[in-house]
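The values are calculated or read from the model by the stated rules, or taken from the named source; none is laboratory data. As the structure is a computational prediction, the values presented were derived from the model and not from experiment. We place every Cβ from the backbone using ideal geometry, glycine too, and count neighbours over all the protein chains shown. Ligands, DNA and RNA are stripped out before the accessible areas are found, and what is left, the full protein with its side chains, is counted by its heavy atoms. Shrake-Rupley method; radii C 1.70, N 1.55, O 1.52, S 1.80 Å.
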Amino acid sequence: MIALCRALALAVLLVPCRAQTDQDVKFMESSPVGCFQKGFRFDRYIDNANANVTSLQACQQHCQSVATCAKFAYYAWYKECWVADVNAVELPIDSYLVVAGYRTCTSQGMQLPPRCTTELPTAAFPGSSGVASNLAWPNGKQPSNGECWPKGWQGADLPCNVVTVLDDTSAGWPGLCRQLVEMKGVNGTDCEANCRANPLCPSWQNSVYFSCWQGLGYDCFVRNNFMVRGAQRLQHGSVRVLMNLTGWQIIGLYKAFDNAAGYFPNVEDAIKLCKHVCYSDIKCQYWTYAPNFGCWVEDATQEYGPNWPLTTDSATRTTDDALDTVAGEYIQHFCPEGETGTITPTAPPVLTECAETAFRYDPVDMANQGRTVEASYQACRNRCVYTAGCNYYSYWPDGGCHITDASAQKVTAENFQVISGPKDCSSTYSSTSSGPEHWVVSVTTQPAAYEQIQHDFTTADAVHLAEIGCIIHNVDPTKLSTADLALLKAKYAEALATTIGVEASEIKEAPDNTALIGQVDLKAVSEGTDMTAWTWNQPLNSPDGSILESKLMTPAFVDHMKEATYDVLGQGHPAISGDVQIGKPEVGTIQHPLSQYMYNASQPSWWSQWWPLVVAILIVFCTLGGCIVFQMSERSSDKQRLMADSDGEELGDSAVWSQSQAEPDHVQSSYKGYQPQFAA
């Protein structure tokens, strides 16, 4: 009865939420293509301009009421509207409940910022820090990867009607590329058309078996005992060159090919084909060619890449690679105005409440596990369910299934059709995204019943916050102006975020919801300044802060903190009384204040997970025990029988042998082992 009441209450409360979501979707579908993009946020927002709204359309109307608002982010779960100015940079976020949109859905209102059309960096780019690199751009921001490419309301990159053939087997290009992915269900004769319609397809290859293979393609020139029916490398849209990289090495690129096999008679041909590799991938921003080191390009499908903003930590001119680099470019992909294609809407797969598209888990595989091919994402999840230690699965459209454990983090997938989620829909349905939804400043009070059920869908585990503290020696915060103190708090938050690998918006000065985000707390102590900051623990549901502490116990943390101090105060500031020294960081954890409201879903007990193994072991032991008892019983029976045959006298070996029938002579003569001797 209680369960029935709970289900009815849940249904009543979720109906308005679902109806509101459907209303938002219809509003996006009826708007011009590119006005709204699901799964994106901005790197900064206008101060004190956020509001609680009831729909996506209401959020756009709120943006229109703010004079400096050019775009906004609508957090559907919290019904929050965050507005941003024209210089805010669009960034992906691992939550499909966040929608970015423009102030108006007109061609003028959806104009790209100057950094996507005309701006070029100054000679100061890249700088020694992210701040310095951004300042090298006229409007103070380096474009993010993919920011200037049109996207649909579902967040996927839209096709561009402008498609150029860069390399073609019919024109002499070998097309023998490696590391391509087979596109199941696409015949080789349709591979070109399929690739042209997909802006994320850099090249295609039709094999001798009429199978279709697509991808960036590495080492496309020499491949023994391999033939193709046809292949092309395509460029989607147009390319704008932002910077010449001759004499630079960019850290985080991947080798596309070299000339070890002697395929290129001159370096100019190698440079041309190296450039084509990067031009064919709309996610590739950097390429370089060095005759002694080969062709290097950015590959967004790989785990690592150049940092953003690009700094001298990822760009150098002093290494052997840099000195050998004879060509290279920093480029930007865009689709010319009026050339954005349209995608015929198709019914999306019906997913369960905890399966999502466009995300995967990193690392993609857990220990002792690898890629398997499964018929559906449900089959991939079942593989996770029956694998000990597995918590999450990721399923690719080509049938590839990867499973991983609780240490994995949810990240944006390279393919929008990737389906992922937890193995058990009754637990861990939470977003690991960064952004204002983590530190809600203005929240409308909801009824207690609604708050309870809302958190049922958030997580079934206790969420933990981490408190980070350290002493900054020889810095006196009492000698800082209000402006310098606020800026230093923000800079320290950025330093912390950079060190532990999160966004600055995930750092706050206190654990409660009224605390400021993107800042730390600073207090004067006898040694200098006591810095305290709060963030989510890693992993989120663990009370152990050792992972965060290990990230902070590095020289990088010290360097970032010192850099932040001198960026704000400079040398010789009255607040600095000597060399700035960073004390040993300490990390403690507490349970999140909202954990008391979370639905405490029953977790599998030890017995429920391991009883089959225990039963199997008991069966084996019982079987062995039965065999031993049976053998002992047989021996006892034989002994009694022998005693009975000898009228109660126990027989020895000789008696037993004497009663046995004599063996044939040929057996006796051939036997070389022990032979008992009998008395005549």
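Screening the candidates 387, 357 for the property of being among the hydroxyl-bearing types (Ser, Thr, Tyr), within 24 Å of residue 539 (Cα to Cα) and open to solvent by 40 Å² or more (accessible area, probe 1.4 Å) yields one hit, 357.
Residue count for the stretch 246-291 under the criterion of being touching a Phe, Trp or Tyr at 6+ places or on another chain (Cβ under 7 Å), outside any loop (DSSP other than H, G, I, E, B) and of a type outside the set (A, V, I, L, M, F, W, C): the result is 5.
Annotation: residue 137 fulfils all but one of (1) open to solvent by 10 Å² or more (accessible area, probe 1.4 Å); (2) modelled with pLDDT of 90 or more; the unmet one is (1).
Listed by first and then second residue, the pairs linking a residue in the stretch 243-261 that is free of Cβ contacts under 8 Å to residues at least 60 places away in the same chain to a residue that is in a loop (DSSP other than H, G, I, E, B) and open to solvent by 30 Å² or more (accessible area, probe 1.4 Å), with Cβ atoms under 7 Å apart and 6 or more places separating them unless they lie on different chains, are 254/302; 257/219; 261/222.
Note on the stretch 529-555: residues that are assigned to a loop (DSSP other than H, G, I, E, B), under 16 Å from residue 585 (Cα atoms) and open to solvent by 50 Å² or more (accessible area, probe 1.4 Å) amount to 2. When the stretch 374-384 is limited to residues that are more than 21 Å from the chain's Cα centre (by Cα) and hydrophobic (A, V, I, L, M, F, W, C), the one that is most open to solvent (accessible area, probe 1.4 Å) turns out to be 375. Where strands (runs of 3 or more DSSP E) fall wholly inside the stretch 84-185, the ranges with 1 or more residues that are more than 26 Å from the chain's Cα centre (by Cα) are 98-102, 163-168. Among the numbered conditions (1) surrounded by fewer than 19 Cβ atoms within 10 Å (Cβ to Cβ); (2) at pLDDT 90 or above, the only one that residue 159 does not meet is (1).
Rundown of residues vs (1) within 30 Å of residue 542 (Cα to Cα); (2) at pLDDT 60 or above, yes/no style:
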{"site": "590", "(1), (2)": "yes, yes"}
{"site": "606", "(1), (2)": "yes, yes"}
{"site": "635", "(1), (2)": "no, yes"}
{"site": "640", "(1), (2)": "no, yes"}
{"site": "650", "(1), (2)": "no, no"}
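Only one residue in 254, 263, 286 is within 18 Å of residue 218 (Cβ to Cβ) and either open to solvent by less than 10 Å² (accessible area, probe 1.4 Å) or touching a His at 6+ places or on another chain (Cβ under 9 Å) (or both), so which one is that? Quick ask: steps written out before the conclusion?
On the way: 254 fails: either open to solvent by less than 10 Å² (accessible area, probe 1.4 Å) or touching a His at 6+ places or on another chain (Cβ under 9 Å) (or both); 263 fails: either open to solvent by less than 10 Å² (accessible area, probe 1.4 Å) or touching a His at 6+ places or on another chain (Cβ under 9 Å) (or both).
Sole residue among the options that is within 18 Å of residue 218 (Cβ to Cβ) and either open to solvent by less than 10 Å² (accessible area, probe 1.4 Å) or touching a His at 6+ places or on another chain (Cβ under 9 Å) (or both): 286.
How many of the residues making up the stretch 231-245 are open to solvent by less than 10 Å² (accessible area, probe 1.4 Å), assigned to a strand (DSSP E or B) and within 16 Å of residue 274 (Cβ to Cβ)? Lay out the reasoning, then the answer.
Just the residues of the stretch 231-245 that are open to solvent by less than 10 Å² (accessible area, probe 1.4 Å), to begin with: 231, 233-234, 236-237, 245.
Okay, now just the ones that are also assigned to a strand (DSSP E or B), so 231, 233-234, 236.
Still in the list and also within 16 Å of residue 274 (Cβ to Cβ): 233.
Residues meeting the conditions: 1.
Residues in the stretch 162-184 that are open to solvent by less than 40 Å² (accessible area, probe 1.4 Å) and over 18 Å from residue 282 (Cα atoms): how many? Counting residues in the stretch 162-184 that are open to solvent by less than 40 Å² (accessible area, probe 1.4 Å) and over 18 Å from residue 282 (Cα atoms) gives 6.
Looking only at the stretch 147-156, decide whether some residue is of a type in the set (Lys, Arg) and surrounded by fewer than 16 Cβ atoms within 10 Å (Cβ to Cβ). It would help to see each step written out before you state the result.
Step one: filter the stretch 147-156 for residues of a type in the set (Lys, Arg), giving 151.
Within this subset, residues satisfying the condition of being surrounded by fewer than 16 Cβ atoms within 10 Å (Cβ to Cβ) are none.
Looking for residues that are of a type in the set (Lys, Arg) and surrounded by fewer than 16 Cβ atoms within 10 Å (Cβ to Cβ), one finds none in the stretch 147-156, hence no.
Does residue 565 meet the test of being farther than 19 Å from residue 479 by Cβ, modelled with pLDDT of 80 or more, surrounded by 14 or more Cβ atoms within 10 Å (Cβ to Cβ) and out of contact with any Phe, Trp or Tyr (no Cβ under 7 Å at 6 or more places or on another chain)? So residue 565 does not fit the description; no. In the stretch 357-369, the residues that are at positive phi reach residues that are of a type in the set (Gly, Ala, Ser) and modelled with pLDDT of 85 or more with C-beta atoms within less than 9 angstrom, at least six apart or across chains, in these pairs: 358/420.
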